[in-house]
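Notes follow the structure.
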Amino acid sequence: MNSVHRALGAKMVDFGGWDMPVQYSGILEEHHAVRQRVGLFDVSHMGEVEIRGPQAFDLVNFVATSAVSKMAQGQAQYAGLLYEHGGFVDDILVYKVSDTHYFLCVNASNQQKDFEHIRDHNRFEAGVEFASARYAQLAVQGPKAAATVQKLTKIDLGTIRYYRFADGEVDRAPARIARTGYTGEDCFELFIAPVEAERLWNRVLDAGEEFGIKPCGLGARNTLRLEAGMALYGHEISASITPAEAGLQRNCDMTKKFLGKQRCEQQLREGVRRRLAGFEMAGRGIARDGYEVSIDGVPAGWVTSGSPSPTLNKNIGLCYLPTSHCELGSTIQVQIRGQLVDAVTVATPFYKRAK
(Lines give C-alpha, C1' and ligand atoms only; values in the text may rest on other atoms or scores of the structure.)
Protein backbone atom coordinates (compact mmCIF):
# COMPACT_ATOMS: atom_id res chain seq x y z
CA MET A 1 0.00 0.00 0.00
CA ASN A 2 2.90 2.39 0.62
CA SER A 3 3.68 2.71 -3.08
CA VAL A 4 -0.01 3.37 -3.83
CA HIS A 5 -0.08 6.30 -1.40
CA ARG A 6 3.13 7.73 -2.81
CA ALA A 7 1.80 7.40 -6.37
CA LEU A 8 -1.20 9.50 -5.29
CA GLY A 9 1.18 12.22 -4.11
CA ALA A 10 0.66 11.65 -0.42
CA LYS A 11 2.83 13.48 2.09
CA MET A 12 4.21 10.65 4.25
CA VAL A 13 5.18 10.84 7.93
CA ASP A 14 6.41 8.41 10.56
CA PHE A 15 3.52 7.40 12.81
CA GLY A 16 4.51 4.96 15.53
CA GLY A 17 6.90 3.21 13.19
CA TRP A 18 4.48 3.22 10.27
CA ASP A 19 5.12 5.29 7.14
CA MET A 20 1.69 6.90 6.90
CA PRO A 21 0.00 9.44 4.59
CA VAL A 22 -0.76 12.64 6.49
CA GLN A 23 -2.46 14.22 3.47
CA TYR A 24 -2.96 13.88 -0.28
CA SER A 25 -4.77 16.90 -1.80
CA GLY A 26 -4.76 18.81 1.50
CA ILE A 27 -6.29 18.48 4.95
CA LEU A 28 -9.08 20.99 4.33
CA GLU A 29 -10.14 19.41 1.05
CA GLU A 30 -10.07 15.92 2.53
CA HIS A 31 -11.94 17.01 5.66
CA HIS A 32 -14.73 18.62 3.63
CA ALA A 33 -14.94 15.57 1.36
CA VAL A 34 -15.75 13.37 4.37
CA ARG A 35 -18.27 15.81 5.84
CA GLN A 36 -20.03 16.44 2.53
CA ARG A 37 -19.43 13.35 0.37
CA VAL A 38 -17.09 10.45 1.10
CA GLY A 39 -13.44 9.83 1.95
CA LEU A 40 -11.24 6.73 2.02
CA PHE A 41 -8.62 6.08 4.72
CA ASP A 42 -6.00 3.34 4.90
CA VAL A 43 -5.95 2.46 8.60
CA SER A 44 -4.16 -0.86 8.28
CA HIS A 45 -1.80 0.25 11.04
CA MET A 46 -4.53 -0.47 13.59
CA GLY A 47 -4.11 -3.68 15.57
CA GLU A 48 -6.32 -6.73 15.97
CA VAL A 49 -6.61 -9.26 18.77
CA GLU A 50 -8.82 -12.34 18.51
CA ILE A 51 -10.16 -14.21 21.53
CA ARG A 52 -11.68 -17.67 21.08
CA GLY A 53 -12.73 -20.49 23.35
CA PRO A 54 -15.47 -21.69 25.73
CA GLN A 55 -14.73 -18.79 28.11
CA ALA A 56 -13.95 -16.11 25.54
CA PHE A 57 -16.85 -14.05 26.90
CA ASP A 58 -15.55 -14.27 30.47
CA LEU A 59 -12.12 -12.96 29.47
CA VAL A 60 -13.45 -10.11 27.34
CA ASN A 61 -16.02 -9.22 29.98
CA PHE A 62 -13.24 -8.96 32.57
CA VAL A 63 -10.73 -6.88 30.61
CA ALA A 64 -13.19 -4.58 28.76
CA THR A 65 -15.19 -1.98 30.68
CA SER A 66 -18.32 -2.14 28.49
CA ALA A 67 -21.50 -4.18 28.90
CA VAL A 68 -20.23 -7.20 26.97
CA SER A 69 -23.05 -9.35 28.39
CA LYS A 70 -25.59 -7.26 26.49
CA MET A 71 -23.90 -7.69 23.11
CA ALA A 72 -25.71 -9.51 20.34
CA GLN A 73 -23.83 -11.47 17.68
CA GLY A 74 -22.76 -8.98 15.02
CA GLN A 75 -22.58 -6.05 17.45
CA ALA A 76 -19.63 -3.81 18.31
CA GLN A 77 -18.95 -1.81 21.48
CA TYR A 78 -16.54 0.96 22.39
CA ALA A 79 -14.73 0.05 25.62
CA GLY A 80 -11.87 0.95 27.86
CA LEU A 81 -9.00 -1.43 28.56
CA LEU A 82 -7.85 -0.41 32.05
CA TYR A 83 -5.01 -1.03 34.45
CA GLU A 84 -5.98 -2.02 37.97
CA HIS A 85 -5.38 1.57 39.11
CA GLY A 86 -8.08 2.74 36.66
CA GLY A 87 -5.91 4.39 34.01
CA PHE A 88 -6.21 3.47 30.34
CA VAL A 89 -4.13 0.78 28.74
CA ASP A 90 -6.05 1.73 25.59
CA ASP A 91 -9.50 2.35 24.18
CA ILE A 92 -10.74 -0.42 21.93
CA LEU A 93 -13.64 -1.69 19.85
CA VAL A 94 -15.04 -5.10 20.78
CA TYR A 95 -16.82 -7.09 18.04
CA LYS A 96 -18.88 -10.13 18.99
CA VAL A 97 -18.48 -12.74 16.24
CA SER A 98 -20.11 -15.48 18.35
CA ASP A 99 -20.48 -16.54 21.97
CA THR A 100 -17.01 -18.10 21.76
CA HIS A 101 -15.28 -15.62 19.44
CA TYR A 102 -14.55 -11.93 20.00
CA PHE A 103 -12.55 -9.65 17.71
CA LEU A 104 -10.84 -6.55 19.16
CA CYS A 105 -9.59 -3.56 17.18
CA VAL A 106 -6.91 -1.68 19.12
CA ASN A 107 -4.73 1.37 18.57
CA ALA A 108 -1.63 0.88 16.43
CA SER A 109 0.91 2.13 18.97
CA ASN A 110 -0.61 -0.02 21.73
CA GLN A 111 -1.26 -3.30 19.95
CA GLN A 112 1.59 -5.33 21.45
CA LYS A 113 0.98 -3.83 24.89
CA ASP A 114 -2.76 -4.55 24.66
CA PHE A 115 -2.17 -8.14 23.60
CA GLU A 116 0.22 -8.75 26.48
CA HIS A 117 -2.14 -7.06 28.95
CA ILE A 118 -5.04 -9.30 27.92
CA ARG A 119 -2.85 -12.40 27.81
CA ASP A 120 -1.40 -11.68 31.26
CA HIS A 121 -4.90 -11.47 32.75
CA ASN A 122 -6.20 -14.56 31.01
CA ARG A 123 -7.34 -16.92 33.75
CA PHE A 124 -10.00 -18.44 31.54
CA GLU A 125 -10.42 -21.22 29.02
CA ALA A 126 -9.80 -18.91 26.09
CA GLY A 127 -7.08 -18.40 23.51
CA VAL A 128 -5.66 -14.93 22.82
CA GLU A 129 -4.19 -14.34 19.36
CA PHE A 130 -2.17 -11.34 18.22
CA ALA A 131 -3.80 -11.18 14.78
CA SER A 132 -2.65 -7.85 13.31
CA ALA A 133 -0.61 -9.49 10.55
CA ARG A 134 -3.75 -11.12 9.17
CA TYR A 135 -5.70 -7.90 8.65
CA ALA A 136 -5.60 -4.71 6.64
CA GLN A 137 -8.28 -2.10 7.27
CA LEU A 138 -9.90 0.46 4.96
CA ALA A 139 -12.27 3.10 6.36
CA VAL A 140 -14.92 4.56 4.05
CA GLN A 141 -16.39 7.61 5.77
CA GLY A 142 -19.03 10.19 4.87
CA PRO A 143 -22.67 10.64 3.77
CA LYS A 144 -21.97 8.64 0.60
CA ALA A 145 -20.06 5.84 2.36
CA ALA A 146 -22.94 3.35 2.14
CA ALA A 147 -23.63 4.14 -1.52
CA THR A 148 -19.95 3.65 -2.32
CA VAL A 149 -19.45 0.32 -0.53
CA GLN A 150 -22.83 -1.03 -1.65
CA LYS A 151 -21.53 -1.16 -5.23
CA LEU A 152 -18.95 -3.72 -4.15
CA THR A 153 -20.96 -6.11 -1.96
CA LYS A 154 -24.12 -8.21 -2.16
CA ILE A 155 -24.82 -7.62 1.53
CA ASP A 156 -27.63 -5.11 2.03
CA LEU A 157 -25.78 -2.43 3.96
CA GLY A 158 -29.08 -0.92 5.06
CA THR A 159 -29.47 -3.89 7.39
CA ILE A 160 -26.20 -3.09 9.20
CA ARG A 161 -26.99 -0.52 11.88
CA TYR A 162 -24.45 1.75 13.55
CA TYR A 163 -22.00 -0.26 15.64
CA ARG A 164 -23.04 -3.50 13.94
CA PHE A 165 -21.13 -5.61 11.44
CA ALA A 166 -21.51 -8.49 9.00
CA ASP A 167 -19.06 -10.96 7.52
CA GLY A 168 -19.24 -11.38 3.76
CA GLU A 169 -17.43 -10.29 0.64
CA VAL A 170 -16.37 -6.97 -0.84
CA ASP A 171 -15.60 -7.31 -4.53
CA ARG A 172 -15.13 -11.07 -4.08
CA ALA A 173 -12.71 -10.64 -1.15
CA PRO A 174 -13.70 -12.03 2.29
CA ALA A 175 -14.32 -9.05 4.57
CA ARG A 176 -15.70 -8.00 7.92
CA ILE A 177 -17.91 -5.02 7.11
CA ALA A 178 -18.43 -2.86 10.21
CA ARG A 179 -20.52 0.30 10.49
CA THR A 180 -17.98 1.91 12.76
CA GLY A 181 -15.69 4.89 12.33
CA TYR A 182 -13.69 7.75 13.79
CA THR A 183 -15.05 10.82 12.00
CA GLY A 184 -18.59 11.45 13.25
CA GLU A 185 -20.06 10.61 9.84
CA ASP A 186 -21.78 7.54 8.43
CA CYS A 187 -19.06 4.97 8.13
CA PHE A 188 -17.90 1.54 7.08
CA GLU A 189 -14.65 -0.11 8.13
CA LEU A 190 -13.53 -3.06 6.03
CA PHE A 191 -11.28 -5.68 7.65
CA ILE A 192 -9.62 -7.64 4.86
CA ALA A 193 -6.55 -9.74 4.13
CA PRO A 194 -3.46 -7.61 3.47
CA VAL A 195 -3.03 -9.20 0.04
CA GLU A 196 -6.39 -7.67 -0.98
CA ALA A 197 -5.72 -4.17 0.36
CA GLU A 198 -4.25 -2.51 -2.71
CA ARG A 199 -6.85 -3.90 -5.09
CA LEU A 200 -9.78 -2.97 -2.82
CA TRP A 201 -8.35 0.49 -2.19
CA ASN A 202 -8.49 1.13 -5.93
CA ARG A 203 -11.90 -0.48 -6.29
CA VAL A 204 -13.37 1.72 -3.53
CA LEU A 205 -11.91 4.83 -5.19
CA ASP A 206 -13.51 3.74 -8.47
CA ALA A 207 -16.86 3.06 -6.79
CA GLY A 208 -16.86 6.45 -5.08
CA GLU A 209 -15.71 8.46 -8.09
CA GLU A 210 -19.23 9.61 -8.97
CA PHE A 211 -19.64 10.96 -5.43
CA GLY A 212 -16.34 12.87 -5.43
CA ILE A 213 -14.47 10.48 -3.15
CA LYS A 214 -11.06 11.60 -1.86
CA PRO A 215 -8.21 9.56 -0.40
CA CYS A 216 -7.66 10.98 3.08
CA GLY A 217 -4.74 11.01 5.50
CA LEU A 218 -4.01 11.32 9.19
CA GLY A 219 -4.42 15.10 9.16
CA ALA A 220 -8.09 15.04 8.18
CA ARG A 221 -8.69 12.00 10.39
CA ASN A 222 -7.54 14.09 13.35
CA THR A 223 -9.61 17.21 12.61
CA LEU A 224 -12.70 15.08 11.93
CA ARG A 225 -12.42 13.08 15.16
CA LEU A 226 -11.76 16.25 17.16
CA GLU A 227 -14.91 17.91 15.83
CA ALA A 228 -16.79 14.72 16.76
CA GLY A 229 -15.32 14.84 20.30
CA MET A 230 -13.66 11.43 20.01
CA ALA A 231 -10.73 10.59 22.29
CA LEU A 232 -7.21 9.90 21.03
CA TYR A 233 -4.90 7.73 23.11
CA GLY A 234 -1.91 9.70 24.39
CA HIS A 235 -3.97 12.90 24.30
CA GLU A 236 -7.40 12.66 25.94
CA ILE A 237 -6.69 9.28 27.55
CA SER A 238 -3.57 7.63 28.95
CA ALA A 239 -2.35 5.48 31.81
CA SER A 240 -2.78 8.46 34.15
CA ILE A 241 -6.34 9.31 33.04
CA THR A 242 -9.48 7.46 34.20
CA PRO A 243 -12.85 7.03 32.43
CA ALA A 244 -14.59 9.44 34.83
CA GLU A 245 -12.00 12.14 34.14
CA ALA A 246 -12.23 11.61 30.38
CA GLY A 247 -16.04 11.69 30.33
CA LEU A 248 -16.17 8.01 29.38
CA GLN A 249 -17.77 6.59 32.53
CA ARG A 250 -20.85 5.74 30.44
CA ASN A 251 -18.76 3.05 28.75
CA CYS A 252 -18.19 1.28 32.07
CA ASP A 253 -20.68 -1.39 33.14
CA MET A 254 -20.65 -0.94 36.90
CA THR A 255 -22.84 -4.02 37.44
CA LYS A 256 -19.96 -6.40 36.64
CA LYS A 257 -16.40 -7.07 37.73
CA PHE A 258 -13.70 -5.63 35.47
CA LEU A 259 -10.10 -4.52 35.74
CA GLY A 260 -9.96 -1.02 37.21
CA LYS A 261 -13.49 -1.11 38.61
CA GLN A 262 -12.45 -0.30 42.18
CA ARG A 263 -10.96 3.03 41.10
CA CYS A 264 -14.02 3.79 38.98
CA GLU A 265 -16.31 3.11 41.94
CA GLN A 266 -14.22 5.36 44.18
CA GLN A 267 -14.43 8.24 41.72
CA LEU A 268 -18.18 7.78 41.34
CA ARG A 269 -18.51 8.11 45.12
CA GLU A 270 -16.02 10.89 45.71
CA GLY A 271 -16.03 12.72 42.38
CA VAL A 272 -12.98 13.74 40.35
CA ARG A 273 -10.72 16.76 40.63
CA ARG A 274 -10.30 17.26 36.89
CA ARG A 275 -12.34 16.62 33.81
CA LEU A 276 -12.05 16.82 30.07
CA ALA A 277 -13.72 19.92 28.66
CA GLY A 278 -14.31 21.33 25.21
CA PHE A 279 -13.50 24.94 24.38
CA GLU A 280 -13.58 27.51 21.59
CA MET A 281 -11.00 30.22 21.27
CA ALA A 282 -12.45 33.67 21.98
CA GLY A 283 -9.21 35.47 21.18
CA ARG A 284 -7.00 35.10 18.15
CA GLY A 285 -4.83 32.02 18.06
CA ILE A 286 -4.88 28.27 17.71
CA ALA A 287 -4.58 26.09 20.81
CA ARG A 288 -2.23 23.21 20.06
CA ASP A 289 -1.75 19.92 21.87
CA GLY A 290 0.18 20.35 25.12
CA TYR A 291 -0.37 24.11 25.53
CA GLU A 292 -0.86 25.24 29.11
CA VAL A 293 -4.34 26.32 30.23
CA SER A 294 -4.85 28.93 32.97
CA ILE A 295 -7.76 30.19 35.03
CA ASP A 296 -7.49 33.86 36.06
CA GLY A 297 -3.85 33.72 35.04
CA VAL A 298 -3.02 30.70 37.20
CA PRO A 299 -1.92 27.46 35.43
CA ALA A 300 -4.70 24.90 35.85
CA GLY A 301 -4.59 22.35 33.04
CA TRP A 302 -3.43 21.54 29.54
CA VAL A 303 -4.73 21.23 26.00
CA THR A 304 -5.03 17.60 24.92
CA SER A 305 -6.04 18.35 21.30
CA GLY A 306 -6.47 21.64 19.49
CA SER A 307 -7.03 22.67 15.88
CA PRO A 308 -9.00 24.90 13.57
CA SER A 309 -12.40 23.35 12.83
CA PRO A 310 -12.90 23.32 9.04
CA THR A 311 -16.62 22.57 9.46
CA LEU A 312 -17.40 25.22 12.08
CA ASN A 313 -14.77 27.76 10.99
CA LYS A 314 -13.66 28.17 14.61
CA ASN A 315 -10.55 27.28 16.58
CA ILE A 316 -11.51 24.50 18.98
CA GLY A 317 -9.90 22.14 21.45
CA LEU A 318 -10.16 19.74 24.36
CA CYS A 319 -8.41 20.28 27.68
CA TYR A 320 -8.27 19.08 31.25
CA LEU A 321 -9.56 21.53 33.83
CA PRO A 322 -10.38 21.47 37.55
CA THR A 323 -13.92 20.11 37.84
CA SER A 324 -15.06 23.35 39.47
CA HIS A 325 -14.29 25.24 36.24
CA CYS A 326 -15.82 22.83 33.70
CA GLU A 327 -19.22 24.52 33.67
CA LEU A 328 -20.23 25.55 30.15
CA GLY A 329 -19.46 29.17 29.37
CA SER A 330 -16.49 29.39 31.74
CA THR A 331 -13.66 31.67 30.63
CA ILE A 332 -10.19 30.14 30.50
CA GLN A 333 -6.89 31.21 28.97
CA VAL A 334 -4.57 29.27 26.71
CA GLN A 335 -0.91 30.19 26.60
CA ILE A 336 -0.02 30.74 22.95
CA ARG A 337 3.49 31.94 22.13
CA GLY A 338 3.93 33.35 25.61
CA GLN A 339 0.58 35.16 25.66
CA LEU A 340 -2.58 34.21 27.56
CA VAL A 341 -5.44 34.11 25.03
CA ASP A 342 -9.08 33.87 26.13
CA ALA A 343 -11.21 30.84 25.38
CA VAL A 344 -14.63 29.67 26.60
CA THR A 345 -15.79 26.17 27.54
CA VAL A 346 -18.47 24.66 25.29
CA ALA A 347 -20.41 21.43 24.95
CA THR A 348 -19.03 18.48 23.04
CA PRO A 349 -19.16 17.03 20.50
CA PHE A 350 -18.46 20.22 18.61
CA TYR A 351 -20.10 18.70 15.54
CA LYS A 352 -22.90 16.15 15.26
CA ARG A 353 -24.19 14.99 11.92
CA ALA A 354 -27.86 15.27 11.05
CA LYS A 355 -29.58 11.89 11.12
- request: Please report, ordered by residue number, the strands (runs of 3 or more DSSP E) entirely within the range 35-114 with at least 1 residues that are in contact with a Phe, Trp or Tyr (Cβ under 8 Å, 6 or more places away or on another chain), within 27 Å of residue 268 (Cβ to Cβ) and outside the structural domain of residue 351 (by TED's automatic domain parsing).
  value: 76-82, 88-98, 101-106
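Quick check on this structure: which one of 260, 301 is within 30 Å of residue 57 (Cα to Cα) and of a type outside the set (Ser, Thr, Tyr)?
On inspection, the qualifying residue turns out to be 260.
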message: Between a residue in the range 152-169 that is among the basic types (Lys, Arg) and any residue that is assigned to a helix (DSSP H, G or I) and surrounded by 14 or more Cβ atoms within 10 Å (Cβ to Cβ), which pairs come within a Cβ distance under 7 Å, given they are 6 or more apart or on different chains?
response: none
query: Given the range 146-218, what strands (runs of 3 or more DSSP E) lie entirely inside it while holding 2 or more residues that are surrounded by fewer than 19 Cβ atoms within 10 Å (Cβ to Cβ) and touching an Asp or Glu at 6+ places or on another chain (Cβ under 9 Å)?
result: 173-178
- prompt: Out of all the residues in the range 260-274, is one or more within 18 Å of residue 235 (Cβ to Cβ) and under 19 Å from the mean Cα position of the chain (by Cα)?
  reply: no
Qualifying positions in the range 2-26 - surrounded by fewer than 16 Cβ atoms within 10 Å (Cβ to Cβ) and assigned to a loop (DSSP other than H, G, I, E, B): 8, 9, 16, 17, 26
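Pick from 298, 334, 272: which is touching a residue at least 40 places away in the same chain (Cβ under 8 Å) and farther than 24 Å from residue 92 by Cβ?
On the way: 298 fails: touching a residue at least 40 places away in the same chain (Cβ under 8 Å); 272 fails: farther than 24 Å from residue 92 by Cβ.
Result: 334 is the single residue among 298, 334, 272 that is touching a residue at least 40 places away in the same chain (Cβ under 8 Å) and farther than 24 Å from residue 92 by Cβ.
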field: Filter pass, residue 258 being among the hydrophobic types (A, V, I, L, M, F, W, C), part of a strand (DSSP E or B) and either at pLDDT below 95 or surrounded by 20 or more Cβ atoms within 10 Å (Cβ to Cβ) (or both)
entry: no
statement: Per the filter on the range 323-348, residues assigned to a strand (DSSP E or B), of a type in the set (S, T, N, Q) and surrounded by 13 or more Cβ atoms within 10 Å (Cβ to Cβ) are 331, 333, 335, 345
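The values are calculated or read from the model by the stated rules, or taken from the named source; none is laboratory data. Note that this is a predicted model, so its numbers are computed, not measured. As a convention, Cβ positions derive from the backbone with ideal geometry for all residues, glycine included, and neighbour counts pool all protein chains shown.
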